[in-house]
Every structure is written in C-alpha cells, then in structure tokens.
Amino acid sequence: MPSAVATAAYVVALPAPKPYFSVNAWFPFNVIQYVSILDSIPGATMYYTTDGSKPTVNSALYIGQITVSQTETLEAVAIAPGYSVSPVASETYIVQIPAALPVITPPAGAYSSAQSVTITDATPGAVIYYMRNGITPTANSLRYTGPIAVSSSDTIKATAIAAGGSLSPVAAAAYVI
C-alpha cells in the first residue's frame, strides 16, 4: 500500500520597500526640521525610533511629522498587507541652532566716565565669549565671567554658544570715553 502524500503550502512575503524621509540629512541644519516618513506602498504603516535603537512594529507608530530640534538619528521601518517588515531606513540629522545674539549693556555711545559693561544672552546655558579692540570673537576667545571695566575708548564684541548649538551672530558696542 502506498504511503500518504504530504503537501505543504508556503507563502513567502517580500519585504515592504524601505521607507524614506522628506528631509535629507546631507549637511548640518541651523533650524528645527519637520520630517515626514514616506513609503511607496499606499496604506503602508511606518514605525520609528529616535534613540538609536532599531525600529520594529512595537516602536512608535508614525502618525505625522516628526520635530527634529537636536542632533539625532531617525530610523524607520514599514509594513503593508502582503509584505513583511521593510529594511530599516536611517538618517542622522545634525541640528546646531545658534544661540541668541548677546546683549551688551550699557549701549554703545560716548560717556564721560568709565563704564562697567555686562553681556547677557537669552539662550539657556549659553557660554559667552568676547574680545576687546573690535576683534571678532570665536569659541577660543575670552570667556565672559563678569562685568568688563571700560575706562578708555574701546569696542567690545561678543558671541555665544549653547550645548549642541553653533555660535550666535556677533554683537558689538563701541564706547568713547
């Protein structure tokens, strides 16, 4: 007597196409970015991470633009009916938002006596650098730690930088004593 014939049916699901991002991270940005995750399969569902972990169908569900306000890696996968999970799409966004323009007080002008010049910046945690004699400051210049005594004509210039950011524009104040 012949043996029974065994049969099996296999369904092989191809992976969904790798998703892609609406903003390419080819260079550093100095403003916040709003990134969309897109896929070529209509109705695909996307999942993403921003913490360096690989995304899965248990990761955050993509429902709208992602705000990228600091340097981070955005990774995403897609899945659609009839497809398995896509390969991982990844972009590292470098966001270096400049600190605010420093404020130098008192304002530039002519004074009949020495002045105590202070420099402030509205960016939380910003470090201020300054130079005298009209020299443009950099992150290697003098670090501002307190009032600057100006007893003869001088031009103070200042810039600021916050953690993960870039240098602010340069503020300047010319004093005639």
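The values are calculated or read from the model by the stated rules, or taken from the named source; none is laboratory data. Fair warning: this is a prediction, and the values are worked out from it, not measured in the lab. A quick note on method: Cβ atoms are made from the backbone with ideal geometry, for glycine too, and the neighbour counts reach across all protein chains shown. We work out accessible area using only protein heavy atoms, side chains counted, and drop any ligands, DNA or RNA first. Shrake-Rupley method; radii C 1.70, N 1.55, O 1.52, S 1.80 Å.
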Surrounding charge for Glu91, neighbours by C-beta under 15 angstrom, Lys/Arg +1, Asp/Glu -1, total -2
Hey, how many Å between the Cα centroid of segment 96-111 and the Cα centroid of segment 24-95? 39
I'd like the FRET efficiency for Thr155 and Gln65, computed as 1/(1 + (r/R0)^6) with the beta carbon distance as r and R0 of 30 Å, rounded to 0.05. 0.10
For Thr92 and Val57, FRET efficiency with R0 = 25 Å and r from the beta-carbon atoms, rounded to 0.05? 0.65
Please give the length that would be gained between Ile41 and Arg132 if that part of the chain were fully extended, namely 0.36 nm times their separation in residues minus their C-alpha to C-alpha distance (nm, one decimal). 26.8 nm
Sparse-neighbourhood loop sites, chymotrypsin sites (Phe, Trp or Tyr not before Pro) in segment 96-155 - DSSP loop, at most 16 other Cβ within 10 angstrom: Tyr111
Considering only protein heavy atoms and a probe of 1.4 Å, how much of the accessible area of segment 22-100 is carbon and sulfur, as a whole percent? 55
Heavy-atom accessible area per residue, segment 39-177, 1.4 Å probe: how many Å²? 52
